[in-house]
Amino acid sequence: MTLAPHSFHEEIDLKGLDLREGRLEDVELLGCTVSDSDLGEATLDRCSFEDVVFKRCDLGVVKLGGSAFRGVRFEDCKLTGIDWSRAHDLTFEVTFVNCVLDFSAFVGLKLKGLRATGGKAHHVVFADSDMRKVTLKDMDLAGATFTGNDLRDADFSSCTNLELEPNTNRLQRTKLPLDAALRHLSMLGIKVPGLGG
């Protein structure tokens, strides 16, 4: 099946799509499932994805071109090298489950309530975003950077390799793994005897 420009698809299963380096323009998916598909390096220009589930898909280095993601769930997907800040900001509502997000960027986005479980987010840039109540669970964040974010009530407590610069992010009731919390206290000149202090 092909997805023609300016087309609308509702509650269908799309499996095995090969759109590598292709282009989708003004395509709207509502309540659909896209599985075992290759969209690597494709351009998604002004597309709309609402209540869509992507399963086992390669979307590496996809170019978003103002596309909207509302109620979208990615499961076991490759999502490397994506500049998510190119998505439509006001409709950005996604969940990641066991995905690889390496070398991606979330800049200037409203990510409030974002949920991600499992997978990796190596060398991902989180900057100048509303990340209140974000939950990242059991994720490897090696090399990820956080700058200028609102992290109030965010939960990173089960993540590994988290490096947070407390002076450039807003932290309040933020849940951190023990090693990151101890580094944070150390930066503030606080020592905890018996816990690396």
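The table below gives the values:
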item	result
Residues of segment 44-79 classified as free of Cβ contacts under 8 Å to residues at least 24 places away in the same chain, open to solvent by less than 30 Å² (accessible area, probe 1.4 Å) and of a type outside the set (Gly, Ala, Ser), total	12
Test for Thr95: is it among the hydroxyl-bearing types (Ser, Thr, Tyr) and under 26 Å from Glu11 (Cβ atoms)	yes
Residue among Thr174, Thr168, Thr147, Thr160 that is polar (S, T, N, Q), over 23 Å from Phe69 (Cα atoms) and crowded, with 19+ Cβ neighbours inside 10 Å	Thr174
Top-ranked residue in segment 20-43 [being open to solvent by 10 Å² or more (accessible area, probe 1.4 Å) and of a type in the set (Ser, Thr, Tyr); ranked as farthest from Leu79 (Cα to Cα)]	Thr33
Test: residue in segment 1-18 that is closer than 22 Å to Phe103 by Cβ and either open to solvent by 20 Å² or more (accessible area, probe 1.4 Å) or within 16 Å of the chain's Cα centre (by Cα) (or both)	no
Conditions (1) surrounded by 20 or more Cβ atoms within 10 Å (Cβ to Cβ); (2) touching a residue at least 24 places away in the same chain (Cβ under 8 Å); number of the one not met by Leu111	(2)
Conditions (1) surrounded by fewer than 21 Cβ atoms within 10 Å (Cβ to Cβ); (2) at pLDDT below 95: number failed by Val125	(2)
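Yes or no, residue by residue, for (1) outside any strand (DSSP E or B); (2) over 18 Å from Val100 (Cβ atoms); (3) touching a helix residue (DSSP H, G or I) at 6+ places or on another chain (Cβ under 8 Å):
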residue: Glu21; (1), (2), (3): yes, yes, no
residue: Leu24; (1), (2), (3): no, yes, no
residue: Leu29; (1), (2), (3): no, yes, no
residue: Val34; (1), (2), (3): no, no, no
residue: Leu44; (1), (2), (3): no, yes, no
residue: Phe49; (1), (2), (3): no, yes, no
residue: Phe69; (1), (2), (3): no, no, yes
residue: Arg73; (1), (2), (3): no, no, no
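Here is a yes/no grid of residues against (1) of a type outside the set (A, V, I, L, M); (2) over 24 Å from Asn98 (Cβ atoms):
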| position | (1), (2) |
| --- | --- |
| Val125 | no, no |
| Thr135 | yes, no |
| Asp138 | yes, no |
| Ala144 | no, no |
| Gly148 | yes, yes |
| Ala154 | no, no |
| Ser157 | yes, no |
| Leu162 | no, no |
| Arg170 | yes, yes |
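The values are calculated or read from the model by the stated rules, or taken from the named source; none is laboratory data. Keep in mind that what you see is a predicted model, and the values were worked out from it rather than measured. Cβ: placed from backbone, ideal geometry, glycine included. Neighbour counts: every protein chain shown. The area values use the complete protein model at the heavy-atom level, side chains included, leaving out ligands, DNA and RNA. Shrake-Rupley method; radii C 1.70, N 1.55, O 1.52, S 1.80 Å.
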